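Peer 1: Got a structure for you, questions after.
The values are calculated or read from the model by the stated rules, or taken from the named source; none is laboratory data. Values in this document were obtained by computation on a predicted structure and should not be read as measured data. Here the Cβ positions follow ideal geometry from the backbone for every residue, glycine too, while neighbour counts run over all protein chains shown. To get the accessible areas, we keep the full protein, side chains included, count just its heavy atoms, and leave off ligands, DNA and RNA. Shrake-Rupley method; radii C 1.70, N 1.55, O 1.52, S 1.80 Å.
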Amino acid sequence: MAFNILLVDDSVTVRAVISKALHLAGVDINLLYQAGNGQEALTILEAEWIDLVLCDISMPVMDGEALVAHMVDNGMIKSVPVVIVSSAGSEPRIVRLREMGVRDYIQKPFTPERIREVVDNVMGVGKNA
Amino acid sequence: MRDQVVESVSATFLGVVEQLTFMFGEPASKSGVLATDDDYVVAHLDFTGDAKGWLSLAVPTGCVAEIAGNILGLEPDELDPSSLAPDSLGEVLNVICGHVIMAIAGKGADFRLGGPIISEASPEFLAAAVTSDDWLGFMLEENMVLLGLFTE
């Protein structure tokens, strides 16, 4: 199954690196959407079918925690899995985000293998094989 | 910086840079930055929370595109130096900062990172960094770089 994935990070570099890592890891991608902050991500989430969100924490305009809070408020967090990809993942913050419904956390810098492991786990890839 | 902090920050910086940019480095005398004719850029970001302060990284201008190219897996002449290269340097600093804070304040420290600010480093700025205890020197491949850390 090919996924529609939304990358949310204010760094163009990080979005390019994650995109490359997803392809190198062999993740089956249908469409790859990109947003530079949480506000842009919400706009895309409301307009497009998204299977998975990979999201940074520290961003201008609306950060990752605020985006997750909005997704809790509108109920989207239950149907669209969110994975945090960040270097600012202190344990208290990760615990808070997991309690809000975030599915997993990838610490930067990461490997394509780590991305694949998390995507497979969160999306249930291979569990029915 | 205290010796223990210097050791922790140095090891964390070199480890993250190696993992992120595939560039190898070692601690070096800061004064080496004054012996070069290279122009420098400095990336700076503030952090708040349980740990509060700032982290800065000064690198030769010519090294910025190399860093970006290594992160992205591109050759330097494939990059748009006006956009992607500074963005990459900011991201490197962002990742280093997260790891450095957890190295010195512990994984339980709750903190927030500001956005990185990239600017030219004047000779006066570099001279002040060399004489300040807040800054450390490293040789990164063939590049003399300075890492500054201040915590309240």
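Peer 1: Considering only the stretch B:45-103, state which residues are more than 21 Å from B:Leu136 (Cβ to Cβ) and outside any helix (DSSP H, G or I).
Peer 2: Of everything in the stretch B:45-103, those that are more than 21 Å from B:Leu136 (Cβ to Cβ) and outside any helix (DSSP H, G or I) turn out to be B:Thr48, B:Gly49, B:Asp50, B:Gly73, B:Leu74, B:Glu75, B:Leu79, B:Asp80, B:Pro81, B:Ser82, B:Ser83.
Peer 1: In this structure, is B:Trp135 farther than 20 Å from B:Glu26 by Cβ, at pLDDT 95 or above and among the aromatic types (Phe, Trp, Tyr)?
Peer 2: no
Peer 1: While we're on this one: Which of the residues spanning the stretch B:1-17 are under 21 Å from B:Ala68 (Cβ atoms) and either part of a loop (DSSP other than H, G, I, E, B) or open to solvent by 80 Å² or more (accessible area, probe 1.4 Å) (or both)?
Peer 2: none
Peer 1: Filter the stretch A:44-86 for residues that are assigned to a helix (DSSP H, G or I), open to solvent by less than 20 Å² (accessible area, probe 1.4 Å) and within 12 Å of another protein chain (Cβ to nearest Cβ) and give the result.
Peer 2: A:Gly64 - this is the single residue of the stretch A:44-86 that is assigned to a helix (DSSP H, G or I), open to solvent by less than 20 Å² (accessible area, probe 1.4 Å) and within 12 Å of another protein chain (Cβ to nearest Cβ).
Peer 1: Yes or no: A:Gly89 touching a Phe, Trp or Tyr at 6+ places or on another chain (Cβ under 8 Å) and surrounded by fewer than 22 Cβ atoms within 10 Å (Cβ to Cβ)?
Peer 2: Judged against the criteria, A:Gly89 is a match.
Peer 1: Moving on to the next point. What residue, of A:Ala16, A:Ala41, A:Ala2, is crowded, with 17+ Cβ neighbours inside 10 Å and more than 14 Å from chain B (Cβ to nearest Cβ)?
Peer 2: A:Ala41
Peer 1: What is the one condition in (1) touching a strand residue (DSSP E or B) at 6+ places or on another chain (Cβ under 6 Å); (2) surrounded by 17 or more Cβ atoms within 10 Å (Cβ to Cβ); (3) not charged (D, E, K, R) that A:Asn30 does not satisfy?
Peer 2: A:Asn30 satisfies all of (1) touching a strand residue (DSSP E or B) at 6+ places or on another chain (Cβ under 6 Å); (2) surrounded by 17 or more Cβ atoms within 10 Å (Cβ to Cβ); (3) not charged (D, E, K, R) except (2).
Peer 1: Another question, then. Of the residues B:Asp39, B:Asp46, which single one is open to solvent by 20 Å² or more (accessible area, probe 1.4 Å), within 20 Å of B:Met144 (Cα to Cα) and at pLDDT 90 or above?
Peer 2: From the options B:Asp39, B:Asp46, the qualifying one is B:Asp39.
Peer 1: When you check B:Gln4 against the structure, is it free of Cβ contacts under 8 Å to residues at least 12 places away in the same chain, within 14 Å of chain A (Cβ to nearest Cβ) and not acidic (Asp, Glu), yes or no?
Peer 2: The answer is no for B:Gln4.
Peer 1: Select from the stretch A:87-97 the residues that are touching a helix residue (DSSP H, G or I) at 6+ places or on another chain (Cβ under 8 Å) and not in a loop (DSSP other than H, G, I, E, B) and write down the one among them that is modelled with the lowest pLDDT.
Peer 2: Checking each candidate, the answer is A:Arg93.
Peer 1: Tell me, yes or no, whether the stretch B:60-68 has at least one residue that is more than 11 Å from chain A (Cβ to nearest Cβ), in contact with a Cys (Cβ under 9 Å, 6 or more places away or on another chain) and over 27 Å from A:Ser58 (Cβ atoms).
Peer 2: The answer is no, given that none of the residues of the stretch B:60-68 is more than 11 Å from chain A (Cβ to nearest Cβ), in contact with a Cys (Cβ under 9 Å, 6 or more places away or on another chain) and over 27 Å from A:Ser58 (Cβ atoms).
Peer 1: Kindly list, by first and then second residue, each pair from a residue in the stretch B:131-152 that is more than 26 Å from B:Glu66 (Cβ to Cβ) to a residue that is open to solvent by 20 Å² or more (accessible area, probe 1.4 Å) and β-branched (Val, Ile, Thr), limited to pairs with Cβ atoms under 7 Å and residues at least 6 apart or on different chains.
Peer 2: Short answer, once both residue conditions are applied: none.
Peer 1: What about B:Gly98, is it small (Gly, Ala, Ser), crowded, with 20+ Cβ neighbours inside 10 Å and either within 21 Å of B:Ser8 (Cβ to Cβ) or within 14 Å of chain A (Cβ to nearest Cβ) (or both)?
Peer 2: Spelling it out, B:Gly98 is indeed small (Gly, Ala, Ser), crowded, with 20+ Cβ neighbours inside 10 Å and either within 21 Å of B:Ser8 (Cβ to Cβ) or within 14 Å of chain A (Cβ to nearest Cβ) (or both).
Peer 1: Okay, moving on. Quickly run through the stretch B:108-135 and pick out the residues that are among the aliphatic types (A, V, I, L, M), buried (at least 20 other Cβ atoms within 10 Å of the Cβ) and in a strand (DSSP E or B).
Peer 2: Across the stretch B:108-135, the qualifying residues are B:Leu113, B:Ala121.
Peer 1: For the stretch B:22-40, indicate whether the set of residues that are within 14 Å of chain A (Cβ to nearest Cβ) and either of a type in the set (Asp, Glu) or touching a residue at least 24 places away in the same chain (Cβ under 8 Å) (or both) is non-empty.
Peer 2: yes
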